[in-house]
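Worksheet: one structure, shown below.
Every number here is computed from the coordinates shown, using simple stated rules; none is lab data. Here the structure is a predicted model, which means the values were calculated and not measured. Note that we place each Cβ from the backbone using ideal geometry, even for glycine, and neighbour counts take in every protein chain shown.
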């Protein structure tokens, strides 16, 4: 029997996007940084269109640098600086996410096997529904990325692609924002 949560569509009023540590020094060592940035940019633009709140973290930004452009210019709020690998260890993010009232967290960012994995594990432990966007997370090593995706799925996270997620958020071609979202993935 299929998991009931998995069968539920992702609803914009219950969802939030969390972009984890997409910073200058980290992005440069990813296998395909341009593709990763493009996918996360699509997510950010879609969240603007669908009015889904966005939260962003930066791992020790004074050492690793800020969130990369063009993502930085799309952020609605300043990123939450952190030193813990899990975003849940960042008190300002924890407070902001909790006060948003959102029960589904869509996760993108780097590195999949460290900060993304530990964040997903902590969110699941606190009964959030977690969706990991497979083509918007990365690690320096493809093996680390794949093992992280496998472990997150085994732990209860759902895994989707950007396009799969965006059309799930819409639900129907008659959605008033269908054309705007469709244009993002063309």
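The number of residues in the range 5-32 that are over 27 Å from residue 127 (Cα atoms), in contact with a strand residue (DSSP E or B) (Cβ under 8 Å, 6 or more places away or on another chain) and not in a loop (DSSP other than H, G, I, E, B) comes to 3.
Consider the range 63-81 and keep the residues that are free of Cβ contacts under 8 Å to residues at least 40 places away in the same chain and not in a loop (DSSP other than H, G, I, E, B). The one that is nearest to residue 12 (Cα to Cα) is 74.
Going through (1) closer than 17 Å to residue 108 by Cα; (2) assigned to a loop (DSSP other than H, G, I, E, B); (3) in contact (Cβ under 8 Å) with a residue 40 or more places away in the chain; (4) in contact with a helix residue (DSSP H, G or I) (Cβ under 8 Å, 6 or more places away or on another chain) one by one, residue 36 falls short only on (2). Scanning the range 142-181 for residues that are over 17 Å from residue 10 (Cα atoms) and free of Cβ contacts under 8 Å to residues at least 24 places away in the same chain, we see that the one that is farthest from the chain's Cα centre (by Cα) is 179.
Just checking, does the range 92-105 include any residue being closer than 14 Å to residue 56 by Cα, in contact with a helix residue (DSSP H, G or I) (Cβ under 9 Å, 6 or more places away or on another chain) and not in a helix (DSSP H, G or I)? Among the residues of the range 92-105, at least one is closer than 14 Å to residue 56 by Cα, in contact with a helix residue (DSSP H, G or I) (Cβ under 9 Å, 6 or more places away or on another chain) and not in a helix (DSSP H, G or I), which makes the answer yes.
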